[in-house]
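Report on the following structure.
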Amino acid sequence: MADVVIAGAGLSGLAAALRLTDAGKSVIVLEAREKAGGRMVHQQVAGGGWVDLGGQWVGRTQHNIRRIAHRLNIKLFKQYTLGTTRLSYGGVLYDAVESADGTLGRDGNDLKTTELLQSTLSDLAAGIPAKPWHAPRAEELDQGTLGQWIDQWVRAYHGNASSEYAGFFVGWDSRFNQSGGSPWEVSLLHSLFETKVNPADEDPDESLCVGGAGQIPGLLAGLLETRNCEIFTNSRVVAISDLEDGVQVTTRATGPNGTGGRFDGKFAIVAMPPFLTGAISYDPLLVAPRLQLVQRTPMGVIAKIACTYDTAWWRESGLSGTALGDSHRTVQAVADSGPLEGGPGILTSFVQGEKYNEWALRNGTEQRQMVLDDLAHYFGDEARAVKEYIPKDWPEEQLTGGAYNAYMPPGGWTQYGHALRANHGRIHWAGTETATEWYGYFDGAISAGEREADEILKKLG
């Protein structure tokens with residue numbers, strides 16, 4: 001028996017538990033995996049370094065994650081970005097030119113046109129509230145996809161080479177800096193919502209954690225276990241009943257030392273991607289809008305691959321380690337994810353969408369070759385001399401379902417968005433997908449967990 005039972009030991013569930021135990025309440029956390037973390041996964045590599053195979057970046061104004069990192073004595077450092085960024089477009093490799101706001105292109109015409117398209121999109125996003133279904137013209141904006149809107153803009157803006165490029169770049173940016181979904185699957189209203197609550201001018205990908213962001217859940221779990229909190233891993237929540245005087249949560253053991261049984265609490269918080277919440281049996285049954293919602297929140301489609309080297313040799317050649325590419329490449333985004341000084345050198349690659357679907361059908365040897373071929377295309381043959389090749393195929397993770405986070409297809413927000421954060425009796429919903437600021441980021445996961453904890457604390461008195 002505890003005051004609150006939390007399903008999910010990702011960052012949002014752990015943040016909720018920390019808030020509750022800070023207030024002197026008792027908590028039980030239930031996690032289906034063998035350890036806490038969810039979408040935060042890190043791994044030690046040769047040479048004394050680490051790689052984050054899940055989320056890794058911390059933004060300049062993301063105060064919640066910075067507060068948690070400070071509490072855990074985790075230091076931050078700015079990602080290495082000095083030097084030339086590589087751009088592969090139309091089968092041709094360019095040294096990208098960059099504007100002050102980080103827009104990339106082949107030349108000044110690309111930058112000018114792309115910035116015009118981005119400003120048009122930003123102007124639309126400015127009027128989107130925390131409840132997107134209340135936005136002006138919400139139904140109209142929710143009827144089509146971002147990709148359709150981009151295509152219409154390109155055609156209206158002469159359809160010339162620079163506008164075609166602008167359409168590519170804004171679509172690329174939405175793939176890799178928003179949910180991870182295809183622009184032709186994501187509702188325009190959803191993309192505008194992410195644009196509004198995840199402001200690019202506040203540098204959301206500015207910094208990395210010394211030792212990796214993936215260490216944070218384990219450290220939080222260790223802190224919580226010194227308090228009035230029990231964490232049960234390998235224990236998957238299969239049913240939640242909302243009774244007159246509290247909740248009953250039933251689990252099934254999913255591995256060694258897992259627990260199958262019943263846990264009682266006064267309230268429950270379910271902190272996981274929305275579609276996974278639909279796999280739990282509820283009594284009373286979920287209301288129709290919530291049941292329909294969880295069927296309309298797919299996860300993005302991204303695999304992440306870390307390649308390590310003895311040193312960050314590309315820096316000596318004046319390259320930033322950042323690269324982007326169009327549909328000619330399997331790897332369409334690369335970032336330098338290594339420490340600022342010393343070794344190892346780390347290039348993090350992302351395979352997304354249609355290219356992921358092609359890549360996923362290959363065997364491991366072929367997948368590795370496809371990634372290294374593209375890294376060599378961007379940075380030279382030295383990229384093939386990889387020390388460690390570490391892939392993380394997020395769409396095949398059944399307890400996550402994809403990366404980075406869930407998104408709404410057309411019609412999702414206006415028809416069912418009101419059910420996303422609405423309590424189901426004593427059952428509360430958390431997770432970064434319920435955040436109203438920094439949706440999909442660490443910061444949003446923390447604020448969502450703390451929001452529900454604060455609401456329950458008011459009820460507990």
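Rounded to the nearest 0.05, the FRET efficiency derived from the C-beta distance between residue 354 and residue 200 at R0 = 25 Å is 0.55. Per the Cα gyration tensor, segment 348-413 maps to an equivalent ellipsoid with semi-axes of 28, 13, 11 Å, ordered largest to smallest.
Counting only residues at least eight positions apart within a chain, or on another chain, the aspartates and glutamates with an alpha carbon under 20 Å from that of residue 25 are 3, 225, 230, 242, 245, 264, 450, 452, 454, 455. Taken one residue at a time, the phi angles of segment 249-262 give Karplus couplings (6.51, -1.76, 1.60, θ = phi - 60°) of 10, 10, 10, 10, 5, 10, x, x, 6, x, 10, x, x, 10 Hz. Gly and Pro are set to x.
Once the Cα-Cα distance is subtracted from the 0.36 nm per residue extended length, the residue 122 to residue 137 segment shows a gain of 3.9 nm. Spin-label model, residue 376 to residue 262: label points 7 Å out along the Cα-to-beta-carbon direction sit 6.2 nm apart. Exposed loop positions in the chain were taken to be GluC sites (Glu not before Pro) whose DSSP state is not H, G, I, E or B and which have at most 15 other beta-carbon atoms within 10 angstrom. Between these positions, the longest stretch is 35-224. Residues whose amide H falls under 5 Å from that of residue 6, counting only those 5 or more places apart or on a different chain, are 28, 29, 30, 269, with hydrogens built in the peptide plane. Relative contact order of segment 337-461: 10 percent, from C-alpha pairs under 8 Å at least 6 residues apart in sequence.
Rounded to 0.05, the FRET efficiency of the residue 389 and residue 184 pair, given R0 = 35 Å and the Cβ-Cβ distance, is 0.70. When the charge dipole of segment 380-444 is built from unit charges on Cβ atoms (+1 for Lys and Arg, -1 for Asp and Glu) and taken about the Cα centre, the candidate among 428, 394, 407 whose Cα reaches farthest toward its positive end is 428. Fraction of C-alpha pairs exceeding 14 angstrom in segment 22-90: 78 percent, rounded to a whole number. Taking all Cα-Cα distances within segment 296-445, those exceeding 17 Å account for 67%.
Over the chain, accessible surface divided per residue gives 40 Å², non-protein components excluded, 1.4 Å probe. Set the Cα radius of gyration of segment 375-461 against 2.2 N^0.38 Å, with N its number of residues, and you get 1.61. Here residue 304 is the anchor, and the lysines within straight C-alpha reach of less than 23 Å, apart from those fewer than 8 places off in the same chain, are 35, 78, 355, 387, 392. Residue-normalised convex hull volume from the C-alpha trace of the chain: 136 Å³ per residue. The residue 72 and residue 285 beta-carbon pair, evaluated with R₀ = 51 Å, returns a calculated FRET efficiency of approximately 0.80. Counting only Cα atoms, segment 135-232 measures 63, 32, 22 Å along its principal axes, largest extent leading. Note on residue 43 and residue 248: the model spin-label points, each 7 Å out from Cα along the C-beta direction, lie 4.2 nm apart. Taking each DSSP H run with n ≥ 4 as -39500 (n - 2.57) and averaging over every residue of the chain yields -10000 deg cm²/dmol at 222 nm. Kirkwood Rh over alpha-carbon pairs of segment 15-144, then Stokes-Einstein at 37 °C and 0.692 mPa s: what D in µm² s⁻¹, rounded to an integer? Once the numbers are plugged in, D ends up at 163 µm²/s. Comparing Cα centroids, segment 257-292 and segment 27-69 end up 24 angstrom apart. Counted as membrane-span-like here are DSSP H helices of the chain whose alpha-carbon atoms extend 20 Å or more along the helix's own axis and whose Kyte-Doolittle mean is -0.5 or above; these are 108-125, 161-177, 442-460. Using a probe radius of 1.4 angstrom, the carbon and sulfur fraction of the accessible surface of the chain is 48%.
The values are calculated or read from the model by the stated rules, or taken from the named source; none is laboratory data. Computed from a predicted structure; not experimentally measured. As a convention, Cβ positions derive from the backbone with ideal geometry for all residues, glycine included, and neighbour counts pool all protein chains shown. The area values use the complete protein model at the heavy-atom level, side chains included, leaving out ligands, DNA and RNA. Shrake-Rupley method; radii C 1.70, N 1.55, O 1.52, S 1.80 Å.
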